[in-house]
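I have placed the structure first, in the form of structure tokens, so that the comments after it can refer back to it.
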Amino acid sequence: MKRSEYLKILNLAKISLEEYNNWGENEIYKTSIADASYGKIVSTEIKRQISPTEIFGSKEELERLREKVNSCKKCPLGKSRLNAVFGIGSSNADLMFVGEGPGYDEDHKGEPFIGRAGQLLTKIIEAMGQTRKTVYIANIVKCHPMIDASNPEKRSNDRPPTFEEMEICKPYLDMQLDIIKPKIIVTLGASSTKGLLKSGEPISRIRGVVREYKGIKLMPTYHPAALLRNQDLKKFVWEDMKKVARYLDMGEI
Ligand code: SF4
């Protein structure tokens, strides 16, 4: 068979599987196998769970999810946002940072952690020997929570997401985790930590203590914005990041 014919068949199979997946099916059935050497039909059922990532690859699957988020209006934040802020980084990252939600700069550019706090996060990532391209950065809510939702052009109009907003948006983060499969999550600040762990403990007490979310190790630490307000917190974040780096290197924490 010519290579072009082979690619055409592969592409058709991919489109069919995509439609199959859109119907909500995630199982493939292969029911009868002809065994020519014995001249009979061997009635065998092979049934295997497949994930969309197996079909499309993690990068492509993340892009499909990004499109869903871009058109999402499931909570009121979707009405006032300028851009949904999906996430950025490697679709195969071992390390994933999760903040609370986009602010003014992020809402305008559609990218997470690009303001002053984001620049500090970039320095922390680089101090760990990584880059923004080798890790993955996302938020627990994808749209800008504003104090005055009627004015996205106003500066200092940011607020933390409510628990309800986090609950509505969290399935998108869960899907990102299912696709990327990081070895460890770092929650940045009280909101994302509370949203994932459902813990009311203050971040000053819970930070540095490893937990689990969906079977993935989770390290809570301070939000970079808190470090801009209080330089004394930097040493605690550095302690936490050293533990994370050791876990990534040696598998122990
Ligand atoms: S915050 Fe999340 S749930 Fe709410 S509109 Fe944006 S993407 Fe949808």
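Within segment 177-252, considering only strands (runs of 3 or more DSSP E) that don't extend past its boundaries, which have at least 1 residues that are crowded, with 20+ Cβ neighbours inside 10 Å and either β-branched (Val, Ile, Thr) or on the phi < 0 side of the Ramachandran plot (or both)?
Correct list: 184-188, 216-221.
Take segment 112-133 and flag every residue that is touching a helix residue (DSSP H, G or I) at 6+ places or on another chain (Cβ under 8 Å) and not aliphatic (A, V, I, L, M).
Pro112, Phe113, Gly115, Arg116, Gly118, Gly129, Thr131, Arg132
Residue check, Ile185 against (1) out of contact with any Gly (no Cβ under 8 Å at 6 or more places or on another chain); (2) more than 23 Å from Asp94 (Cβ to Cβ); (3) away from the ligand (no atom under 16 Å from the Cβ), all met but one. Which one?
It fails just one condition, (2).
Looking at segment 86-112, which of the residues that are surrounded by fewer than 18 Cβ atoms within 10 Å (Cβ to Cβ) and touching a Lys or Arg at 6+ places or on another chain (Cβ under 7 Å) is nearest to Arg64 (Cα to Cα)?
Ile88
Looking at Leu196, Leu233, Leu218, Leu228, which is the one that is away from the ligand (no atom under 16 Å from the Cβ) and either within 16 Å of the chain's Cα centre (by Cα) or acidic (Asp, Glu) (or both)?
Leu218
Taking interchain pairs and intrachain pairs at least six residues apart, which have beta carbon atoms under 7 angstrom, with the first residue in segment 132-151 and away from the ligand (no atom under 11 Å from the Cβ) and the second of a type in the set (Asp, Glu)?
The qualifying pairs are Met146/Asp158.
Quick check: is even one residue across segment 148-169 modelled with pLDDT of 95 or more, under 11 Å from the mean Cα position of the chain (by Cα) and either surrounded by 16 or more Cβ atoms within 10 Å (Cβ to Cβ) or aliphatic (A, V, I, L, M) (or both)?
The answer is no, given that none of the residues of segment 148-169 is modelled with pLDDT of 95 or more, under 11 Å from the mean Cα position of the chain (by Cα) and either surrounded by 16 or more Cβ atoms within 10 Å (Cβ to Cβ) or aliphatic (A, V, I, L, M) (or both).
State yes or no: is Ser58 modelled with pLDDT under 95, in contact with a Ser or Thr (Cβ under 9 Å, 6 or more places away or on another chain) and crowded, with 17+ Cβ neighbours inside 10 Å?
Yes: the conditions hold for Ser58.
Quick one: how many residues across segment 209-243 are closer than 20 Å to Gln119 by Cα and touching a residue at least 40 places away in the same chain (Cβ under 8 Å)?
Number of matching residues: 9.
Can you list the helices (runs of 4 or more DSSP H) lying wholly within segment 56-129 that have 1 or more residues being within 16 Å of the ligand (Cβ to nearest atom) and closer than 24 Å to Tyr213 by Cβ?
58-70, 77-80, 104-109
The values are calculated or read from the model by the stated rules, or taken from the named source; none is laboratory data. None of these values were measured; they are calculated from a predicted model. Ideal geometry is used to build each Cβ from the backbone, glycine not excepted, and the neighbour counts take in all protein chains shown.
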